[in-house]
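The block underneath contains the structure these notes are about, expressed in structure tokens.
Computed from the coordinates by the stated procedures, all read-outs in this text should not be read as laboratory data. Predicted model, so just to flag it, every value in this text is computed and none were measured. Backbone-built Cβ (ideal geometry, glycine too); neighbour counts: all protein chains shown.
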There are 2 protein chains.
Amino acid sequence: MYSFAPEKSTGPLLALLLAVLILSPATFSHAQTEDPLPAWNDGSNKRAIIDFVTTTTTEGHGNFIPPTKRIAVFDNDGTLWSEQPLYFQALYIFDRIRELAPDHPEWQQTEPFASVLKGDHESALSGGTQALLKMAMATHAGVTAAEFSESVADWLATARHPDTGAPYTAMVFQPMLELLDYLRANDYKTFIVSGGGIDFLRVFAEEVYGIPPEQVVGSSLKAKYEERNGTPAIIKIAEVDFIDDKAGKPVGIHYHIGRRPVIAVGNSDGDFEMLEWTAAGEAPRLSMLVHHDDQDREWSYDRESHIGRLVRGLDEGPGRGWKIISMKEDWKRIFP
Amino acid sequence: MYSFAPEKSTGPLLALLLAVLILSPATFSHAQTEDPLPAWNDGSNKRAIIDFVTTTTTEGHGNFIPPTKRIAVFDNDGTLWSEQPLYFQALYIFDRIRELAPDHPEWQQTEPFASVLKGDHESALSGGTQALLKMAMATHAGVTAAEFSESVADWLATARHPDTGAPYTAMVFQPMLELLDYLRANDYKTFIVSGGGIDFLRVFAEEVYGIPPEQVVGSSLKAKYEERNGTPAIIKIAEVDFIDDKAGKPVGIHYHIGRRPVIAVGNSDGDFEMLEWTAAGEAPRLSMLVHHDDQDREWSYDRESHIGRLVRGLDEGPGRGWKIISMKEDWKRIFP
């Protein structure tokens, strides 16, 4: 057993002072000198992030932002997890159509359902947003919010990605998980602002990203409150409430968050307005786009892609001071 | 300079142990034995609140709720601040109509505006919700969200209540401010869920109640994102997006929060469904109604009132286990 004491008999008082120093919170916090973003390669983007977070959280610095205003928004598909060969929610919809098909014999002759049941996803999606919305409503509406969540949770637990064979929730980006943690450790409040369905995202966002349901913004169907089987329930109905994409993203941010973000991260032109709205605020602001340029470890696509198309962001982003994150160059590791 | 060395005397070791005890966080937190709700009289309601918060935050207790699920929702008008002789937002609308009247000569001949300009608020409101919505749209839409906030902030800074002569933000209920603080100190996340306008509430909710914009749920107009004067802006448009009242409240909670509250507090039948939805969750839940029964210190009204009518809540609430808070009996003080 050892005790700490000055050599001569200067006594218990000094031991006490020493203990105060050892135990003080300041001592603990200064010990955090380890790399907060280990899956990021050293480079200008990583340095820009750390510099931004450090200066905006340092009292007295010209960039300082009070904690209540530290709002960071993240797109989901292609930004926090993969989105190829199709948005994962579309794959859920296809699986759900196959599951529900026995109760809907008319789907065998009705597009886009008939194509899904034949396994022809490309034809099913050839009708664009309208076809996707039709399928979303057929699979998401008429049930209670609790039943819908349960169905998504069951699917996430068992479904596997067609190419990687991994659970979808394992196809999240490790560098982004680190960034989310790093921001929260610095009193940033992290939000998802996605074109995907708000109720779909909420099923896994808390467990996978540490983002609670009340910090998820997304597209939504209308809902109503009424009794079902003798208890009050929220029923999802087959009518679009809000599409949280493109110019809808700043509007979704306005409805749900009510103030302009400080940090915005996306990966496609669907995020352009969100980054633009963020960057148009008084400095300091940080807008970033994830560029999918790593064919070996994930996928490589931008200008010509049917999913996550990125043209305007690449052309105008750098001139606007937005950071383009190269998955190939900036990320040491892609998946956890 | 001092060095550390083992020593025979037990003195310094005891000093160190003492320092550890004195400095340990447990010692600090156990020191909080003061009354968290000093403006509440001792009684069954105060005891029920403290008991609920204590047991739901005590690990190992059968009522324990993990921090992420600790959601508490509060109505605003009549629950957090007064609502007589009219919802304060209606008084803002009337003032704003008078302010904008020179640009709208047609209002002199158009109801409900003409009545407002004659100072006849009763006639202006005789058209019910439709008349109020018409006036809300005329005064809330066509401007940017930032302009609207500024207008409300200016009004709150200068307008005075017709009866008390106090600023509206001084007519908040001290016992409720204490309850909000007490809940947050116990890791409850506090939300407003109001029939009032979400953008109106957000102007003062953070400063007055400690509730940030992203934790405000309310009625809303639609909005769009577009350039105005060369910069991107959120424009409020003259179309109702959502009415957050009665059966709309559980739906608003679903859209914005995405999970069922644990605590719900209201004061009128407009809050009935919110309390019902909260109470229908698995135990433990706490639903409470503020009863305006103090004519001397505030107002006294319930079953017959044109504002904040409370009938079903009084008839059915107690049988459902909801607490009826008597402003007269339960509150030592009303205003701060």
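Out of region A:281-336, which GluC sites (Glu not before Pro) are coil in DSSP terms and have no more than 16 other C-beta atoms within 10 Å? Don't skip to the answer; put the middle values down first.
Values: sites: A:Glu282, A:Glu298, A:Glu304, A:Glu316, A:Glu329; in loops: A:Glu282, A:Glu298, A:Glu304.
Counting only loop positions with at most 16 other Cβ atoms within 10 Å, the GluC sites (Glu not before Pro) in region A:281-336 are A:Glu282, A:Glu304.
Rounded to two decimal places and with Rh computed the Kirkwood way over Cα pairs, what is Rg over Rh for region B:141-196?
Result: Rg/Rh = 1.08.
Averaged across the residues of A:84-93, what count of C-beta atoms belonging to other chains lies within 10 Å of each residue's C-beta?
On the way: counts 0, 0, 0, 0, 0, 0, 0, 0, 0, 0.
That works out to 0 on average.
Counting only helical runs of four or more DSSP H residues, what would the 222 nm mean residue ellipticity of chain A come to if each run contributes -39,500 (n - 2.57) and the total is spread over all its residues? Show your work: numbers first, answer last.
Details: 15 runs with 128 residues, N = 336.
Rounded to the nearest 500, it is -10500 deg cm²/dmol.
Using the scaling law 2.2 N^0.38 Å as the reference, what is the normalised Cα Rg of region B:176-317?
Numbers: Rg = 16.9 Å, N = 142, 2.2 N^0.38 = 14.5 Å.
Rounded to two decimals, the normalised Rg is 1.17.
Using the Kirkwood radius over C-alpha pairs as Rh, can you work out the diffusion coefficient of region B:94-225 via Stokes-Einstein at 10 °C, viscosity 1.306 mPa s, in µm² per second? Intermediate results must be reported in sequence, preceding the final value.
Details: Rh = 16.6 Å.
Reported coefficient: 96 µm²/s.
Quick one: Karplus J couplings for region A:204-221, per residue in order, coefficients 6.51, -1.76, 1.60, θ = phi - 60°, nearest Hz, x for Gly and Pro?
3J(HN,Hα) across region A:204-221, in whole Hz: 10, 4, 6, 5, 7, 10, x, 10, x, x, 6, 10, 10, 10, x, 6, 8, 8.
Other chains near B:222-229: what is the mean number of their Cβ atoms within 10 Å of each residue's Cβ?
On the way: counts 3, 5, 5, 13, 3, 2, 0, 0.
Neighbouring Cβ atoms belonging to other protein chains average 4 per residue here.
Just to confirm the numbers: B:Arg312, label point 7 angstrom along the Cα-Cβ line, distances to the other copies in nm, shortest first?
Spacings between copies for this position, smallest first, are 4.6 nm.
For the protein assembly as shown, what is the Kirkwood hydrodynamic radius in Å, using each pair of distinct C-alpha atoms?
Numbers: mean 1/r = 0.0358 Å⁻¹.
Averaging 1/r across every pair of different Cα atoms and inverting gives 27.9 Å.
Hey, got the dipole for region B:199-257? About the Cα centre, +1 on K and R Cβ, -1 on D and E Cβ, debye to the nearest 20? Intermediate results must be reported in sequence, preceding the final value.
Values: 7 positive and 10 negative charges, 29 e Å.
Here region B:199-257 has a charge dipole of around 140 debye.
Using a label position 7 Å from Cα in the Cα→Cβ direction, what is the ascending list of nm distances from A:Glu122 to the same site in the other copies?
Reported distances to equivalent positions: 7.3 nm.
What are the equivalent ellipsoid semi-axes of region A:170-212, built from the alpha-carbon gyration tensor (square roots of five times its eigenvalues), in whole angstrom, biggest first?
On the way: eigenvalues 65, 30, 15 Å².
The answer is 18, 12, 9 Å, longest axis first.
Rounded to two decimal places and with Rh computed the Kirkwood way over Cα pairs, what is Rg over Rh for region A:151-254?
Reported Rg/Rh, Kirkwood definition of Rh: 1.02.
If you look at just the Cα atoms of chain B, how large are its Rg and its Dmax in Å?
24.2, 97
Note down the nm distance, to one decimal, between modelled labels 7 Å out along Cα→Cβ at B:Glu99 and at A:Glu226.
Distance between label points: 4.2 nm.
Counting only Cα, what are the radius of gyration and maximum Cα-Cα distance Dmax of region B:38-116, in Å?
22.8, 67
Fewest Cβ neighbours within 10 Å first, please rank B:Ser268, A:Ser126, B:Ser149 accordingly. Could the numbers behind the result be given before it?
Details: B:Ser268 27, A:Ser126 12, B:Ser149 19.
Fewest-to-most ranking of B:Ser268, A:Ser126, B:Ser149: A:Ser126, B:Ser149, B:Ser268.
Within straight cross-link reach of A:Lys236, meaning Cα distance under 14 Å, which aspartates and glutamates are found once same-chain residues fewer than 8 apart are removed?
Within reach: A:Glu147, A:Glu150, A:Asp199, A:Glu226, A:Glu227.
Just report the Cα centroid separation between region B:79-116 and region A:126-157, whole Å.
One Cα centre to the other: 44 Å.
Can you run phi through the Karplus equation (6.51, -1.76, 1.60; θ = phi - 60°) for region B:105-116 and list ³J(HN,Hα) in whole Hz, with x for Gly and Pro?
Ordered by residue, 3J(HN,Hα) equals x, 5, 5, 4, 10, 10, 7, x, 5, 4, 5, 4 Hz.
In the structure shown, do any of B:Lys46/B:Lys189; A:Lys222/A:Lys249; A:Lys189/B:Lys332; A:Lys224/B:Lys46; A:Lys222/B:Lys134; A:Lys46/A:Lys189 have a Cα-Cα gap over 27 Å, and if so which?
Going by Cα-Cα distance, A:Lys189/B:Lys332; A:Lys224/B:Lys46 fall outside the 27 Å limit.
Debye sum, Cα scatterers, region A:44-87, no solvent: what log₁₀ I/I(0) at q = 0.15, 0.18 1/Å?
-0.55, -0.68
Percentage of Cα-Cα pair distances in region A:245-336 greater than 18 Å, rounded to whole percent? Before the final figure, lay out each step's value.
Numbers: 1904 of 4186 pairs.
In whole percent, the share of Cα-Cα pairs in region A:245-336 beyond 18 Å is 45.
May I ask for the Rg/Rh ratio of region A:224-298, computed from Cα atoms with Rh as the Kirkwood radius, given to two decimals?
On the way: Rg = 17.9 Å, Rh = 15.1 Å.
Rg divided by Rh gives 1.19.
Based on other C-beta atoms within 10 Å, arrange B:Lys249, B:Lys328 from fewest to most. Display every interim value, and only then the final one.
Details: B:Lys249 29, B:Lys328 16.
Placing the least packed residue first, the sequence is B:Lys328, B:Lys249.
I need the inter-copy label distances for A:Gln108: point set 7 Å along Cα to C-beta, values in nm with one decimal, smallest first.
Those label-point separations list as 7.3 nm.
Is there a simple number for the mean count of other chain Cβ atoms within 10 Å of the Cβ of residues in A:254-265, and what is it?
On the way: counts 11, 11, 7, 5, 15, 7, 3, 0, 0, 0, 0, 0.
Partner Cβ neighbours, averaged per residue: 5.
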